[in-house]
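The values are calculated or read from the model by the stated rules, or taken from the named source; none is laboratory data. Keep in mind it's a predicted model, so treat the numbers as computed, not measured. Using ideal geometry, Cβ is built from the backbone for each residue, glycine included, and neighbour counts are taken over all protein chains shown.
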Amino acid sequence: MNPFVKIRRELHQIPELGFQEFKTQAYLLSYIESLPQERMTIKKWETGLFVKIHGLHPEKTIGYRTDIDGLPIVEETNLSFSSTHEAQMHACGHDFHMSITLGILTYFVEQPINDDLLFIFQPAEEGPGGAEPMLKSEMMREWKPDIIFALHIAPEYPVGTISLKEGLLFANTSELFIDLKGKGGHAAYPHQTNDMIIAACNLVNQLQTIISRNVNPLDSAVITIGKITGGTVQNIIAERARLEGTIRTLTSDSMTKVKQRIKALVNGIETGFECEAKIDFGAMYYQVYNDEKLARDFIEFVRNETKYEVIECREAMTGEDFGYMLAEIPGFMFWLGVDSLYGLHHAKLNPNEDAISVAIDIITSYITIIGNN
Ligand SMILES: CC(=O)N[C@@H](CCC[C@H](N)C(=O)O)C(=O)O
C-alpha cells in the first residue's frame, strides 16, 4: 500500500475538533521526526505545527498549508478504518490534506531544492479558525513565506482532475448563533406563555427572506441554519430555543447588509413574540481570493507540464480561513478531484485514495520548478 494512503487511514481513525488536535499533532510529529532532520526545523504552535525545510541556496520561502481538524459527525462509511472517536469524523478531507502534505514534505527532505519550504499544519479550520492567529504568531513573523498555496478535496470531480480559478474562489463566512428566551409553561395553556419553538420557526422562515428579498439577485448569499435546539419535553411550551447557522456572501458589503437585516428581523421577533433574543456572529472567515498570476501560472503548469486535467471552475459558497493567509501572502488554493458519491460534511464521504498520489505528484513537480528558479 502507498505509505501516504496508510497514513491517511491512520489519521482518519483519530479525528479531533478544532484546537483539540492533540493526538493528530503527536501523530504528525512522530512521523516528521522519523525523517532525516539535517535540513529541518520544527516548531509547535498550539495543536498545530510549522515545519521548515531549509533549501540549498534559498532566495525565497514557499509555503504550503494543510488543515488538520475533523467535524462533529457520526461516521457512516462502514470503512474498516472508520473513526474511533465518538461522533467525530474527517468528513471534510483534512486526513487527505495532511497525508498529501506529509508526502510532499518527505519528497523534499529526500530531494532538497534551492528555496526554503514552510509546511503549515493548521488547527481548527472548521471553527473557530486557526489561520488568523497562526498568521499573527511569532513563528509566522519569522518564517513568513513569499508565496503560499493549499488544496481542498472536491468530491464532485474525478481523480486526476484539479480545479481552480483566478480571483475569488470561496465566499466570506460568518457563523450565526441566536438565543431566544420567553415564558414557558403548560402545553394546554398557550395563552399564558410565549412559545420559543414558534418564535424560532418563524425566525428561520423570516431569515430566508433576507436571501430572496434583500440581497441583489445578481449577487449570491446563503443563510443556513444547521441546528435548532429548544424545549424540554413534549407537553411543556418551550422557554428557550437556539438557532445555529452560517452566513455566506461573495462580497463583504453583502455580509454587512445580511447582518443588519438579521438584527432587524430578530428585533421584530422580540417585539412580536414578547421575548428576549441574543445574537452572536461567532467566527468570521475572509474570502479565499487567488492571486491572479500565480493561479493562472499554476493552471498552465498543470495543463501543459503534467498528465492531469484542469477545470476552470466558478467560485463556491464554501468558506476557508486560508483566505486570511491569502490576504497577506500571494498564493492560491485549488480543488483536488476525489470522486466521492457523498459530498463534504456528509457522514458517508468516501474520497478515492488514488487522488493522494495525484496531488503529491502535481505539487512536488510544481514546487521543484518554482523552488529552483
Ligand atoms: C471547506 C469547508 O467546508 N469549510 C467550512 C468552513 C466553516 C466556517 C465556519 N465554521 C462557518 O460555519 O461559518 C465550510 O462550512 O464552508
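Computed values, structure above
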quantity: Some residue of segment 9-30 being farther than 27 Å from residue 79 by Cβ and of a type outside the set (Val, Ile, Thr); calculated: no
quantity: Matching residues in segment 214-247 - criterion: being outside any loop (DSSP other than H, G, I, E, B), touching a helix residue (DSSP H, G or I) at 6+ places or on another chain (Cβ under 9 Å) and over 18 Å from residue 275 (Cα atoms); calculated: 221, 222, 223, 225, 245, 247
quantity: Count of residues meeting criterion [near the ligand (Cβ under 10 Å from one of its atoms) and among the aliphatic types (A, V, I, L, M)] in segment 155-175; calculated: 1
quantity: Residue 193, sole failed condition from (1) more than 23 Å from residue 93 (Cβ to Cβ); (2) outside the structural domain of residue 266 (by TED's automatic domain parsing); calculated: (2)
quantity: Any hit, segment 61-71, residues being of a type outside the set (Asp, Glu) and in a loop (DSSP other than H, G, I, E, B); calculated: yes
quantity: Segment 14-26, residues that are crowded, with 19+ Cβ neighbours inside 10 Å and out of contact with any helix residue (DSSP H, G or I) (no Cβ under 6 Å at 6 or more places or on another chain); calculated: 15, 18, 21, 24, 25
quantity: Residues being over 25 Å from the mean Cα position of the chain (by Cα) and loosely packed, with under 15 Cβ neighbours inside 10 Å - total across segment 205-261; calculated: 13
quantity: Evaluation of residue 329 against (1) touching a helix residue (DSSP H, G or I) at 6+ places or on another chain (Cβ under 8 Å); (2) among the hydrophobic types (A, V, I, L, M, F, W, C); (3) closer than 17 Å to residue 66 by Cα (one fails), failing number; calculated: (1)
quantity: Candidates 336, 349 - the one that is outside any strand (DSSP E or B) and at pLDDT 95 or above; calculated: 349
quantity: Cross-chain or 6+ apart pairs with Cβ under 8 Å, segment 294-320 first and of a type in the set (Phe, Trp, Tyr), then part of a loop (DSSP other than H, G, I, E, B); calculated: 308/160
quantity: Segment 310-354, residues that are surrounded by fewer than 17 Cβ atoms within 10 Å (Cβ to Cβ), away from the ligand (no atom under 14 Å from the Cβ) and under 16 Å from residue 126 (Cα atoms); calculated: 347
quantity: Residue satisfying condition, being within 24 Å of residue 147 (Cα to Cα) and touching a residue at least 12 places away in the same chain (Cβ under 8 Å), within set 77, 84, 41; calculated: 41
quantity: Some residue of segment 262-276 being in contact with a strand residue (DSSP E or B) (Cβ under 9 Å, 6 or more places away or on another chain), acidic (Asp, Glu) and without any contact (Cβ under 8 Å) to a residue 12 or more places away in the chain; calculated: yes
quantity: Odd one out for residue 199 among (1) under 30 Å from residue 150 (Cβ atoms); (2) outside any strand (DSSP E or B); (3) of a type in the set (A, V, I, L, M); calculated: (1)
quantity: Residue match in segment 290-309 (condition: buried (at least 17 other Cβ atoms within 10 Å of the Cβ) and either within 13 Å of the ligand (Cβ to nearest atom) or within 24 Å of residue 69 (Cβ to Cβ) (or both)); calculated: yes
quantity: Test: residue in segment 356-372 that is part of a loop (DSSP other than H, G, I, E, B), surrounded by fewer than 22 Cβ atoms within 10 Å (Cβ to Cβ) and aliphatic (A, V, I, L, M); calculated: no
quantity: Enumeration of residues in segment 193-220 that are small (Gly, Ala, Ser) and touching a residue at least 60 places away in the same chain (Cβ under 8 Å); calculated: 199, 220
quantity: Some residue of segment 96-105 being within 13 Å of the ligand (Cβ to nearest atom), touching a helix residue (DSSP H, G or I) at 6+ places or on another chain (Cβ under 8 Å) and touching a residue at least 60 places away in the same chain (Cβ under 8 Å); calculated: yes
